[in-house]
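The values are calculated or read from the model by the stated rules, or taken from the named source; none is laboratory data. If you're wondering where the values come from, they're calculated on a predicted model, not measured in any experiment. When we count neighbours, we look across all protein chains shown, and the Cβ atoms used for this are built from the backbone with ideal geometry, even at glycine.
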């Protein structure tokens, strides 16, 4: 349990004041940027603050430091941002408290650390009570010290920029701001993804990264942003100057930087390699450094730079003030020899199969997610070449597209296509389209090869169930040809009674199947009818796959009821009335627009009772005709269910 402490202040709250100056961290004397503020007169800060649970704040204040004013009064140093706020003996109290250090008379803002943000001012607060007290402590003043800048961009120091030599500099990473500062430093995403820090270092506060121009004319490299309450974000980083530092230029020239075919440095966690691509090697016309420990891909027209972090003086991180140089010069540089690869659509984990100079990728039925992705990569032949799969991905903008053979056109392309194995639209012929290339690739023809993406041999592709109206224009069907995928060779129709009929020869219509130019339609006798249609296809690679789709057939007037009774209407071929199918088939193969209804069928079946009394010979003749028709239908049904002999050819 926490208890409220009783304070006996020596002076009243109105006597609190901060008197001092804002100076360079390396200066011992006061600067021209003076501070003389009575705390009660500072601006109130009315929003909430993050403070330790055992602290209660009596008064919240906010105080702004002007960066441009600080630079005007600065005597100049190696570092552009090397700020110190220091109180003199006329302040009351003469000490301030920040989470990183208790009871001292200054706070710093440098490339090493940022102590701006929340400070505590109280004449009785000390380190012991702040960290160890079990009582609720009331603090007289909590003040947000914030940095303002008109440009919203501040550089730590100026970095000399050379055409071929790039220096490794530190950017803030973790614990740059203090725990309860109530301000936030957010590292640049590029720095997070490609920066490196000292291996086995206890508290890696900085990431090292090559400093370079992102594009022509860009003279600022961003490490991250400083986010403060009530103020716009400030970008922190380094200013670049071409060949600016003459002394440094001479030092670099004197450094033995190897420029050979390979750098055989021993393995060390504190040695790092970067892949560099200039603006002529990227289709985006920009420059980039890539940490090879996070991306070991090889790229066309790349250079590699090797750095040894052991050459950096780590003691700098423990110094509150330094004027030392904080960069690392590369020890070796390699220009890679260019190679040539074929560009082809690729699915991760699948190998291309060549048949008669045609390439195939067979999508496995075992894909648990049901989805797969397609992108254009370099075709590699062995494990050692895997790092070349993205060889052209920086030098050329390459889209994967599906060819539409019906219209002989190419559909819209994407860098990465996400497809579903359960959609027939996912299968077909795919190729790569080089949209844009880097300057270094102008005039160079990149070789592209198409690939047919097909279902795995004997794969079943479940299609979405469909509700269809009971009319000719919406009969359940199989598509005869899926372009660049396969052709229909067999159709099977079954219902929930396990009754099945099929069609092996799909060239001619029958009483049950209507064969059109593009479809094979199943002709249902009744509405309120549920069936499953299996469409069996043979692909251009001589493999096989089946689509399975459920259909529910209904009258438009019955749609709202959505009832499907288990009665004779739900039969594929009702043997008691086989002639009903024939009555509704036109001799020319055209279906009547008004199939016979169930009520008419019942009326028709009652005719023998109405004409009861007709002479006995006529009854005998009708009976004989009926038996003959039954035999015909039975033979037809038996022929539809004969097993087909199709040779199984594996992919």
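Scanning region 45-56 for residues that are surrounded by fewer than 20 Cβ atoms within 10 Å (Cβ to Cβ), touching a residue at least 60 places away in the same chain (Cβ under 8 Å) and not in a strand (DSSP E or B) yields 47, 49, 50, 51, 52, 54. Region 57-154 holds strands (runs of 3 or more DSSP E) entirely within its bounds, and those carrying 3 or more residues that are within 20 Å of residue 36 (Cα to Cα), modelled with pLDDT of 85 or more and touching a helix residue (DSSP H, G or I) at 6+ places or on another chain (Cβ under 8 Å) map to 135-148. Of the residues making up region 171-184, at least one is in a strand (DSSP E or B), closer than 25 Å to residue 56 by Cα and in contact (Cβ under 8 Å) with a residue 12 or more places away in the chain. Taking region 340-398 as the range and being over 30 Å from residue 281 (Cβ atoms), assigned to a loop (DSSP other than H, G, I, E, B) and touching a residue at least 60 places away in the same chain (Cβ under 8 Å) as the test, the residues that pass are 364, 365.
Within region 273-302, restricting attention to residues that are free of Cβ contacts under 8 Å to residues at least 40 places away in the same chain and assigned to a strand (DSSP E or B), the residue that is nearest to residue 437 (Cα to Cα) is 275.
Of all residues in region 480-502 being part of a strand (DSSP E or B) and in contact with a helix residue (DSSP H, G or I) (Cβ under 8 Å, 6 or more places away or on another chain), which is modelled with the highest pLDDT? So the residue we want is 482. Taken over region 466-488, the criterion of being closer than 29 Å to residue 416 by Cα and surrounded by fewer than 18 Cβ atoms within 10 Å (Cβ to Cβ) is satisfied by 479, 481, 483, 487. Among the residues of region 516-530, those that are buried (at least 20 other Cβ atoms within 10 Å of the Cβ) and not in a loop (DSSP other than H, G, I, E, B) comprise 520, 521, 522, 529.
For region 160-169, which residues satisfy the criterion of being in a strand (DSSP E or B) and surrounded by 23 or more Cβ atoms within 10 Å (Cβ to Cβ)? Of everything in region 160-169, those that are in a strand (DSSP E or B) and surrounded by 23 or more Cβ atoms within 10 Å (Cβ to Cβ) turn out to be 168, 169.
Considering the conditions (1) buried (at least 21 other Cβ atoms within 10 Å of the Cβ); (2) within 15 Å of residue 238 (Cβ to Cβ), residue 78 is excluded by exactly one of them, (1).
The residues on offer are 328, 353, 401, and the sole one that is in the same structural domain as residue 204 (by the TED database), modelled with pLDDT of 85 or more and in contact with a strand residue (DSSP E or B) (Cβ under 6 Å, 6 or more places away or on another chain) is 328.
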